Structures are given as C-alpha cells and as structure tokens.
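The values are calculated or read from the model by the stated rules, or taken from the named source; none is laboratory data. Worth saying up front: this structure is predicted, and the values here are computed from it rather than measured. Counting neighbours? That spans all protein chains shown, and the Cβs are built from the backbone with ideal geometry, glycine included.
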Amino acid sequence: MSASVPPRTSLLPPGAPLSRRTALRATAAATVTGATAAAVAPAEAAGVAVPVPDTRTAPAGGGPAPEAARGLRVMSFNLRYASETGPHPWSERRPVMRRLLRRERPHLLGTQEGLHGQLRDLAEDLGPRYGCVGLGRLGGSHDEFAAVLYDTERLVPEEYDHFWLSGTPSLIGSATWGNTVVRMATWVRFTDRRTGSGFYALNTHLDHAHQYARERSAALVTERLRALDPALPRVVTGDFNVPAHRNPVYDAMLDHGSLADTWDAAAERGPQYATFHGYRPLVPGGDRIDWILASPSVRVSRADINTFSEQGRFPSDHLPVQALLEP
C-alpha cells in the first residue's frame, strides 16, 4: 500500500491554506535536513541550514548547463556505501561528493548504496531545500537505501511506497531468488511545481551476482510500474548491474517500449564512459550499468555521464548519470 506524505507546511506553495485535503497530500516523507535528523525513513527533523551556492559556471564532466534551468535535472548515482576502511574512505570522498552535487543541483536524485548516516551527510551538504524518501533495505534506518532525493522548490511528493525485489515484495528484508544481498525499490509520485503536472519516479538497485535474481527483479519492477496511474509518465533511476543493450534485463526494463533509455533518446549527449570504474582509470565507450529510463512521451534534451573528480579523487566507484528531461 502506498503512503500519502505527511504535512510539512514549509513545503507548501506560499500562502496555500492547510486544509485536511492539502495536509494529506503535502510534502515531506522522509525529509533529511541536516545533522540533527533522527532518521531518513519517514520522520520530521529540524536541521542545519547549509547554503548551497550556485557554482555551476560550467557543467561538471559534461553535466547539464545552468541555462537549461527549466528542464528537470535528473541524476542516478551509486554512492558507494560509507566506510572508513580501505583507500577511499567516505571522509575523503564526501567533500568531492558535496561539490559535485552542489554544482549540478539535480531536481531528482536516485541514490544506491547510501547508508543512513551517509544520507544525513548528503542532506546537510545539500541544505534544507532538499527532501528524501527512503527506507533501509532491512527496515528502518538499517543497511543500504534506494533513496529518492528531490528539490522541494521544484517537486512536491504526493505519495510513495517501497517494495523488496523478491517473491514476497511486501516483506521487509526479503530475498527469495538466490541473491544473498537484499534488494529493494522506492517509488514516489511527484507534482512538478513549474508545470503542475505529475509523474512517478522509481529508484532501484539490482543484484550484482545473480542473473536470475536480476531478471525476476526487472519483471517485478515492470509489473509495479504497470500498476501505477497510466496517465502519468515514469522516470526510473538505478544501478542495474548489467550493460545496456547487452542483457535481457535491459530489454525487460524497457518493457516493449513502455520505457526508453534516456541516453539513446537524448537530443544531445556527452562522451560515454563505463559507469562503474572501481577507482581505476576511466574507460571511454565502456559499459553503462547505471541508467535513467523514462516514458517515451518524456522529451530528453541532454544526457551525460559525469566524470567530476578533484585531484584524482572520485566521490564514488561509480560515475553519476544525468538527464535533462521535459516530462
């Protein structure tokens, strides 16, 4: 069952009356606002207001330019879970991540692998204008999230839900298709403040090791997308752990033309790189395992794979993928 988003009047349009109807549809499930946030799962918390300067004098790694402000800036980003062990600790990656996200300012950001504390860090770094819908894959704040972050000045969340990529999708933490890692998806129905129109955003992370689990997961995600209001377009973000065009999972996700790969559909695109680099040299023309998919009715102005780094340090072992959309 989907959940309506509990009220938070600061996210309502200026001057809007807070009626019972408005309250049921108002905006802040799982808002993460700074270091004092108690949880990323649905809860309210006051936070620290962190200024987010607009430093996008030029697109990072070929990202959307600021003159395209009217479009919807979408990003999918496997964050690489936060850890202080190994050669790429989160404490060193976080400042690079902060600068990348402040520079690109996505309106919609689907993240994979983010841990609760890590998402709180992102919330603090992005500032109070961003909200987040998410749930740990083992329930509550436990383990990794397939979170949906959004710019509250552009998007209003109306309802949301989570499900697990298993034969028992309503059972928290379930995994029944041979995968040893629990996988899940989060979807949100948004209203775009600029256009007044609605759309669905779904974010997920398919298994890294088991093709059978990936194929079953793709079928389940497709089934759930079909069950949503057919009048509204869909935007799907995720790490699918298979290369585009070269795996049955890709074909299953496109669902006979119900979704299009924004990379292929884009009027303009930047250079292609393998989206997983593992902190090794980038591979031009490599496999895209991270995708942004959208309904064919959605116009795609530009698509990019963002190669932003600082002094040789990348914010993650994946490159974020971006698309500028007109839903």
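Laid out as a table, the results:
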read-out	value
Members of segment 298-319 that are assigned to a loop (DSSP other than H, G, I, E, B) and either under 20 Å from ASP251 (Cβ atoms) or aromatic (Phe, Trp, Tyr) (or both)	VAL298, PHE308, PHE314
Residue that is surrounded by fewer than 22 Cβ atoms within 10 Å (Cβ to Cβ) and in contact with a strand residue (DSSP E or B) (Cβ under 6 Å, 6 or more places away or on another chain), where the choices are SER295, SER258, SER309	SER295
Residue in segment 131-185 that is surrounded by the most Cβ atoms within 10 Å (Cβ to Cβ), counting only those that are of a type in the set (Gly, Ala, Ser) and more than 20 Å from GLY114 (Cβ to Cβ)	SER166
Conditions (1) in contact with a Ser or Thr (Cβ under 7 Å, 6 or more places away or on another chain); (2) more than 15 Å from GLU326 (Cα to Cα); (3) among the charged types (D, E, K, R): number failed by ARG234	(2)
From the options ARG280, ARG288, ARG246, residue that is in a loop (DSSP other than H, G, I, E, B), of a type in the set (Lys, Arg) and surrounded by 17 or more Cβ atoms within 10 Å (Cβ to Cβ)	ARG288
Some residue of segment 290-307 being hydroxyl-bearing (Ser, Thr, Tyr), at pLDDT 95 or above and farther than 25 Å from LEU228 by Cα	yes
Yes/no for LEU324 being outside any loop (DSSP other than H, G, I, E, B) and touching a Pro at 6+ places or on another chain (Cβ under 6 Å)	yes
Filter pass, SER76 being touching a residue at least 40 places away in the same chain (Cβ under 8 Å), buried (at least 24 other Cβ atoms within 10 Å of the Cβ) and either polar (S, T, N, Q) or assigned to a strand (DSSP E or B) (or both)	yes
Candidate set: segment 201-226, residues that are surrounded by 22 or more Cβ atoms within 10 Å (Cβ to Cβ) and hydroxyl-bearing (Ser, Thr, Tyr); chosen: the one farthest from THR111 (Cα to Cα)	SER217
Total residues in segment 86-112, condition at pLDDT 95 or above and either surrounded by fewer than 22 Cβ atoms within 10 Å (Cβ to Cβ) or assigned to a helix (DSSP H, G or I) (or both)	17
